[in-house]
Amino acid sequence: SDVCSSDLKLQSFDEKRKRLVNFVSHFLHNADSWCLLFDNVDSVEYVRPYIPYNTEIFGNGSIIITTRDTEMGDVNFIKSTNVINIGHLSNVEQRSLFCSILYGKQFNELDKDIQKTLVKFLERIPKMPLDVVAAAYYLKNTKISFDDYEKIMQSSYRDLTGMQERLLEKNVNYNRTRYGIISSVFEEVLKQQFDFKVLLFTLCLLD
């Protein structure tokens, strides 16, 4: 009976996957143009069966694959010219991105005193595009000071449980800073609308 039960579950999963692929292919085929995103892919083998090769079935569109796997560009169906490596931003890039969002101008256009304060603040922000953008938009939308923002980040990661800290232990300082940035953004969002809590919980379950 265990074997039969396992087979039924497998058939059910395969059937659901087949129906989902058919639904997506139908939707894409009827669109004039489309962009399909495979986000945070651990291995290309996971997404290979779902990549739309046949234009007669899927129509014409673009595919974006985001991954931390540096070997993704070695697979034969991805041209090396189509691979973009996004690493840490330089100091100049970090300041430029942050200032363009928060102030609508470039770093060198700011007053000298603001520049000094900003440099110290950005030293505590990971030099990754997501972290810089999240911090800049949070500050822009809430109108709080740099000091208040850092206090929010500090209080956010002080609430980490032991299990969460173990999950972050490989790069504790970096990930705690990221945790503070992201959690502070979600806290602000959840203040605006209670229903967002349900949506956020659902998204976390779906990963």
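The values are calculated or read from the model by the stated rules, or taken from the named source; none is laboratory data. Fair warning: this is a prediction, and the values are worked out from it, not measured in the lab. Please note: Cβ atoms are built from the backbone with ideal geometry, for glycine as well, and neighbour counts cover all protein chains shown. Accessible surface areas use protein heavy atoms only, side chains included; no ligands, DNA or RNA. Shrake-Rupley method; radii C 1.70, N 1.55, O 1.52, S 1.80 Å.
Just name the residue that is surrounded by the fewest Cβ atoms within 10 Å (Cβ to Cβ) out of those in the range 1-38 that are among the aliphatic types (A, V, I, L, M), modelled with pLDDT of 75 or more and part of a helix (DSSP H, G or I).
At the first step, the residues of the range 1-38 found to be among the aliphatic types (A, V, I, L, M) are 3, 8, 10, 20-21, 24, 28, 31, 36-37.
Okay, now just the ones that are also modelled with pLDDT of 75 or more, so 20-21, 24, 28, 31, 36-37.
Okay, now just the ones that are also part of a helix (DSSP H, G or I), so 20-21, 24, 28.
Working: Leu20: 11, Val21: 13, Val24: 15, Leu28: 18.
Out of the qualifying residues, it is Leu20.
Given the structure, is Ile51 in contact (Cβ under 8 Å) with a residue 12 or more places away in the chain, in contact with a strand residue (DSSP E or B) (Cβ under 9 Å, 6 or more places away or on another chain) and open to solvent by 40 Å² or more (accessible area, probe 1.4 Å)? Taking the combined requirement at face value, the residue does not satisfy it.
Can you tell which of Asn82, Asn60 is open to solvent by 90 Å² or more (accessible area, probe 1.4 Å), at pLDDT 85 or above and at negative phi? Explain how you work it out, then say what you get.
Working: Asn82 fails: at pLDDT 85 or above.
Only one candidate passes the filter, namely Asn60.
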